[in-house]
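The values are calculated or read from the model by the stated rules, or taken from the named source; none is laboratory data. The model shown is predicted, which means the values in this text are computed figures rather than measured ones. Cβ sites come from the backbone with ideal geometry, for glycine too, and all protein chains shown count toward neighbours. The accessibility values were calculated without ligands, DNA or RNA, using every heavy atom of the protein model including side chains. Shrake-Rupley method; radii C 1.70, N 1.55, O 1.52, S 1.80 Å.
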Amino acid sequence: MDTALLRKWLTAGYLERGVLHRTEQGAAQGGPLSPVLANLALNGLERKLLEAFPKSHRKGPDNKINVVRFADDFVVTGVSKELLEHQVKPLIEHFVGERGLELSADKTIITHIDDGFGFLGQTVRKYGGKLLITPSRTSVKTFLRKVREVVKANKQATAGNLIRLLNPLIQGWASYHRHVVSKRTFRAVDDAIFRVLWWWAKRRHPNKSRAWVRAKYFRTQADNHWVFSGEVLATGGQAESVWLFSAAKLPIRRHVKVREHANPYDPAWEQYFEERLGLKMAHQLFGPTSAPAFVEGASGSLPHLPAEDHQPDGVAQPPHRVAIQRRQRPCRQPCAPSSRLPSTCA
């Protein structure tokens with residue numbers, strides 16, 4: 001890392017509407033510059049650990065040292081607690097110390113995978129030898145607290161305007177966790193939001209019956225007969241219906257990891273990144289109830305590229321193009337209406 005260039009960049013200031021503002025107090029916490037600085041400072045950590053603990057093949061002990069890093073948050077795995085505590089941790093402390101940093105004592109823990117740990121708002125833990133990644137309880141509580149704050153701050157708003165405020169929150173949070181084991185959590189979150197909105201609706205009409213409140217604010221959509229809905233003014237001045245976004249309706253879709261040596265700026269990998277983009281577009285066009293099927297390659301994932309398949313210059317070849325066809329949507333029979341009134345209102 002070129003510290004001289006970094007120092008000049010940090011003190012160069014920034015332009016806003018033609019006015020130069022000095023930057024003499026460092027980067028703002030939580031700003032976009034903070035993760036950039038973390039990536040610059042921690043770049044090379046993976047290589048340092050790989051040099052100290054090389055991967056073993058057939059002979060020799062396997063320390064299982066792996067690093068997963070996102071900005072200044074990272075996880076290091078190892079075969080034993082002693083290895084992590086007495087060899088890996090001192091090496092990392094020395095690495096960050098050379099860059100004027102230190103590990104946070106409150107956030108640095110060594111734990112067994114069976115006990116689990118939190119990382120980026122999710123819990124990573126093994127259950128009976130099976131690794132499951134789920135939204136953390138802290139993330140769920142923080143999200144629901146924010147939803148309740150929005151609802152309570154808009155007691156006099158119309159149902160349509162309230163939905164416009166809630167939908168981006170729900171969709172954004174659910175989209176972040178859709179790649180892990182989240183379906184059960186999504187159902188629980190939808191149920192908690194329903195109860196908050198039922199309280200909001202009953203408060204607006206304390207003298208009305210439960211059936212009247214249900215008929216006014218909750219409608220049927222597909223197989224769900226308790227969808228919070230409202231109306232807003234469209235661009236032409238006409239009223240249009242809006243529906244509350246359901247996290248449980250968002251399909252779980254596993255993330256396909258980008259290959260280690262893939263470079264979007266290398267023409268040799270152009271087909272590979274086009275294939276990833278095509279897979280993403282196929283999911284968006286075909287909708288949540290149908291998945292793309294590959295004529296070549298593994299179903300639901302990018303085709304496998306053998307590690308031995310290299311070009312003469314040593315660059316791994318990107319996978320070939322594949323054809324994608326659409327599957328037919330399954331037939332869905334409407335379910336019988338079911339009561340979803342809270343137990344406190346029964």
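Points to keep in mind about this one:
- Efficiency of FRET from Cβ geometry, ARG210 and GLU102, R₀ 45 Å, rounded to 0.05: 0.20
- Computed over the Cα atoms of the stretch 133-204, pair by distinct pair, the Kirkwood hydrodynamic radius stands at 12.7 angstrom.
- A Förster radius of 51 Å, combined with the Cβ-Cβ distance separating VAL75 from MET281, puts the computed FRET efficiency at roughly 0.95.
- Heavy-atom surface analysis with a 1.4 Å probe gives the stretch 170-219 a carbon and sulfur content of 51 percent of its accessible area.
- Applying the Kirkwood pairwise sum to the alpha-carbon positions of the stretch 1-147 produces a hydrodynamic radius of 18.3 angstrom.
- Cross-link check: pairs LYS126/LYS280; LYS126/LYS146; LYS183/LYS280 evaluated at a Cα-Cα cut-off of 24 Å; pairs beyond the cut-off: LYS126/LYS280; LYS126/LYS146.
- Between ASN66 and TRP199, the simple label model (points 7 Å from Cα in the Cβ direction) yields a spacing of 4.2 nm.
- Of all lysines in the structure, the ones whose alpha carbon falls short of 21 Å from that of LYS55, not counting any fewer than 8 places away in one chain, are LYS64, LYS81, LYS89, LYS257.
- Calculated SAXS-style log₁₀ I(q)/I(0) at q = 0.11, 0.20, 0.23 Å⁻¹ - the stretch 38-125, Debye, Cα scatterers: -0.31, -1.06, -1.37
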